[in-house]
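Colleague: Sharing a structure below in structure tokens format, with a few things to ask.
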């Protein structure tokens, strides 16, 4: 078992006992590369003393390459273990091959596994026919030993990851990467030549029909020769070609190697929560690719794809000594993020002052019974382990604010909010209109609208602010230069301080007009504008308060798709989130804690069985880092 078939053949060839053609006539069928760094490997296990079994599927009905291999023999199994498993004497560790189904009696060879790659040659080869073949291995996981199973995290292919934990039943996973398992196929050079498997992941939460979008393309070279350029096609469920693109690999993608690259795809015109885009290789280094695996990327396709304009709310006060410090780093973070946003300051939570409005006091319920300044919130979203959507930061850094802005931007905008200002001269009114996403139509009776006339910015010397004279120890040198009063509410248009109930028609459209408000003589009319937000209000369940979207007249073109898109925060996830065998959200990190939200922002229990639909899963790792991932449940 410790001497691979390739090494033996190479030795024989060196002595002239095998020709070079014979040496190269071994193919490796799988979806993980021959070699990859530890940083690209996911660990999978139960953390208990239990059997763990893993397999990949060779399916002639799904993969034309496997169909062409009919009559060829699987002579062995190549698999990667994260620790030694010297269990041969008990029959616990072995390779297994199932023919037809995973319920069939397997072909078994018992071995001792060592950490790293193991190549096991079967006593009798298994011939590939016209039915699926499942190739894998089994170990008895020992508590305290590193999780035994390994997957190449940068991959997503059908049949690439089937797991049977604790003999509880086989489950196929599509979000945990590709098992580091390969079937050794004899005499298969011709069939494997010019074959590439193409998959995709890290797509946007919602994509408009027919729209281009960026994603991660997973490429696995199924041939024994390196490649430098791949041309790929994406198709709809009817086989219509939607887009043809290409990617280059610099020094080349090694034989049986894998890579994750950025690429562009096009969404189908069909709308739905799980619309597939089919992916396949078109040509390799200018030569037409041989037909092989076609993989599917399920998309949430909807015409209701709205540009997000987040609502940033600052809880502050003129008597709050620490508020200028927080303002400084929040303001710098917003400048650094460079995203469209609207800004409102609520002068409440510590001591009321001359800028305090009734709406500011009414919103203190969002603190969950406590009051403090300084604080900030983003679209009134709840993040991490917080019970409320409020965050105060004492850290002299922009990073806490950038992290929250990034997390907020991952949520899809569920409304388009457009603002027209009316009146002129000494008064300003407004007309707020737009559309609610189809995803929120069943909850449209519980939506509210708030509209404010704000002056932004207001010079610091117009209202005396505690904490500036003298500056506290450790204050940034340019604090006085940057500080101003942002988002000062001059008038509240909605009659209820928390927002007016929004009336929406059957198609999701809404329109509200508010009467004009007189401008005071000491306001700078050139700095006054109307901002509006559509949001949920629930004083009993604080997590049910969130903003569907916000808007201002200056962002109307952007909201209608004519503006410049903000930067993307969809960086590749540090962990893979998936649905486990019990239908619950899970991930491949042993240390992560999870929180599950609907696309509407409502949190559901992480231990609940998930119904069909799209969810947002927030994970927090042991080192304190956090992220979010889209989870589509079929």
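The values are calculated or read from the model by the stated rules, or taken from the named source; none is laboratory data. Note that the structure is predicted; figures quoted are calculated from it, not measured. FYI the Cβ positions are ideal-geometry reconstructions off the backbone, even for glycines, and counts take in every protein chain you see.
Colleague: Here are some residues: 607, 589, 521, 568. Which one is in contact with a strand residue (DSSP E or B) (Cβ under 8 Å, 6 or more places away or on another chain) and either surrounded by fewer than 17 Cβ atoms within 10 Å (Cβ to Cβ) or at pLDDT 95 or above (or both)?
Modeller: 568
Colleague: Any residue that is touching a strand residue (DSSP E or B) at 6+ places or on another chain (Cβ under 9 Å), assigned to a loop (DSSP other than H, G, I, E, B) and at pLDDT 80 or above - is there at least one of those in the range 401-410?
Modeller: No, the range 401-410 contains no residue that is touching a strand residue (DSSP E or B) at 6+ places or on another chain (Cβ under 9 Å), assigned to a loop (DSSP other than H, G, I, E, B) and at pLDDT 80 or above.
For every residue, the table says whether it meets (1) within 30 Å of residue 633 (Cα to Cα); (2) more than 30 Å from the chain's Cα centre (by Cα).
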site: 273; (1), (2): yes, no
site: 279; (1), (2): yes, no
site: 285; (1), (2): no, yes
site: 290; (1), (2): no, yes
site: 301; (1), (2): yes, no
site: 311; (1), (2): yes, no
site: 314; (1), (2): no, no
site: 320; (1), (2): no, yes
site: 332; (1), (2): no, no
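Colleague: Is it true that residue 268 is assigned to a loop (DSSP other than H, G, I, E, B), farther than 22 Å from residue 228 by Cβ, assigned by TED's automatic domain parsing to the domain that holds residue 249 and in contact with a strand residue (DSSP E or B) (Cβ under 6 Å, 6 or more places away or on another chain)? Break it down into steps so the answer makes sense when it comes.
Modeller: Numbers: assigned to a loop (DSSP other than H, G, I, E, B): yes; farther than 22 Å from residue 228 by Cβ: yes; assigned by TED's automatic domain parsing to the domain that holds residue 249: yes; in contact with a strand residue (DSSP E or B) (Cβ under 6 Å, 6 or more places away or on another chain): yes.
Answer is yes for this residue.
Colleague: Checking residue 126 against (1) assigned to a strand (DSSP E or B); (2) more than 23 Å from residue 65 (Cα to Cα), which test does it fail?
Modeller: (2)
Colleague: Tell me whether the range 398-408 contains one or more residues that are within 25 Å of residue 494 (Cβ to Cβ) and in contact (Cβ under 8 Å) with a residue 12 or more places away in the chain.
Modeller: Within the range 398-408, one or more residues are within 25 Å of residue 494 (Cβ to Cβ) and in contact (Cβ under 8 Å) with a residue 12 or more places away in the chain.
Colleague: Related question: Among 389, 396, 340, which is the only one that is in contact with a strand residue (DSSP E or B) (Cβ under 6 Å, 6 or more places away or on another chain), farther than 30 Å from residue 276 by Cβ and assigned to a loop (DSSP other than H, G, I, E, B)?
Modeller: Checking each option against the conditions leaves just 389.
Colleague: Same structure, new question: In the range 419-435, is there at least one residue being surrounded by 15 or more Cβ atoms within 10 Å (Cβ to Cβ) and within 21 Å of residue 326 (Cα to Cα)?
Modeller: no
Colleague: Hand me the list of strands (runs of 3 or more DSSP E) wholly inside the range 145-240 holding 1 or more residues that are in contact (Cβ under 8 Å) with a residue 60 or more places away in the chain and within 30 Å of residue 114 (Cβ to Cβ).
Modeller: Working: elements: 149-152, 162-165, 181-186, 196-201, 212-221, 227-235.
So the answer is 149-152, 162-165, 181-186, 196-201, 212-221.
Colleague: Applying the selection to the range 440-474, what residues are farther than 14 Å from residue 547 by Cα and part of a helix (DSSP H, G or I)?
Modeller: 441, 442, 445, 460, 461, 462
Colleague: Moving to a separate point now. Which ones in the range 129-139 are more than 16 Å from residue 28 (Cβ to Cβ) and either touching a helix residue (DSSP H, G or I) at 6+ places or on another chain (Cβ under 9 Å) or outside any strand (DSSP E or B) (or both)? Lay out the reasoning, then the answer.
Modeller: Kept after step one, since they are more than 16 Å from residue 28 (Cβ to Cβ), are these residues of the range 129-139: 129-132, 134, 138-139.
Matches in the range 129-139: 129, 130, 131, 132.
Colleague: Residues in the range 393-400: is at least one in the same structural domain as residue 497 (by TED's automatic domain parsing), farther than 20 Å from residue 618 by Cα and surrounded by 15 or more Cβ atoms within 10 Å (Cβ to Cβ)?
Modeller: Yes; the residues of the range 393-400 include at least one that is in the same structural domain as residue 497 (by TED's automatic domain parsing), farther than 20 Å from residue 618 by Cα and surrounded by 15 or more Cβ atoms within 10 Å (Cβ to Cβ).
Colleague: Please pick out the residue among 366, 334, 330, 355 that is closer than 26 Å to residue 493 by Cβ, out of contact with any helix residue (DSSP H, G or I) (no Cβ under 9 Å at 6 or more places or on another chain), in the same structural domain as residue 538 (by TED's automatic domain parsing) and not in a strand (DSSP E or B).
Modeller: Details: 366 fails: out of contact with any helix residue (DSSP H, G or I) (no Cβ under 9 Å at 6 or more places or on another chain); 334 fails: out of contact with any helix residue (DSSP H, G or I) (no Cβ under 9 Å at 6 or more places or on another chain); 330 fails: out of contact with any helix residue (DSSP H, G or I) (no Cβ under 9 Å at 6 or more places or on another chain).
That would be 355, the only listed residue that is closer than 26 Å to residue 493 by Cβ, out of contact with any helix residue (DSSP H, G or I) (no Cβ under 9 Å at 6 or more places or on another chain), in the same structural domain as residue 538 (by TED's automatic domain parsing) and not in a strand (DSSP E or B).
Colleague: Specify which of the listed residues (181, 244) is assigned by TED's automatic domain parsing to the domain that holds residue 115 and modelled with pLDDT of 95 or more.
Modeller: Residue meeting the stated conditions: 181.
Colleague: If you don't mind, another one. Given the residues 510, 514, which is the only one that is more than 30 Å from residue 388 (Cα to Cα), in the same structural domain as residue 360 (by TED's automatic domain parsing) and crowded, with 20+ Cβ neighbours inside 10 Å?
Modeller: Testing whether each residue is more than 30 Å from residue 388 (Cα to Cα), in the same structural domain as residue 360 (by TED's automatic domain parsing) and crowded, with 20+ Cβ neighbours inside 10 Å leaves just 514.
Colleague: Which one is surrounded by the most Cβ atoms within 10 Å (Cβ to Cβ) among residues in the range 486-495 that are in a loop (DSSP other than H, G, I, E, B) and touching a residue at least 40 places away in the same chain (Cβ under 8 Å)?
Modeller: 493
Colleague: Here's a follow-up. Identify the residue in the range 66-85 that is under 35 Å from the mean Cα position of the chain (by Cα) and buried (at least 22 other Cβ atoms within 10 Å of the Cβ) and, among all such residues, is farthest from residue 114 (Cα to Cα).
Modeller: 66
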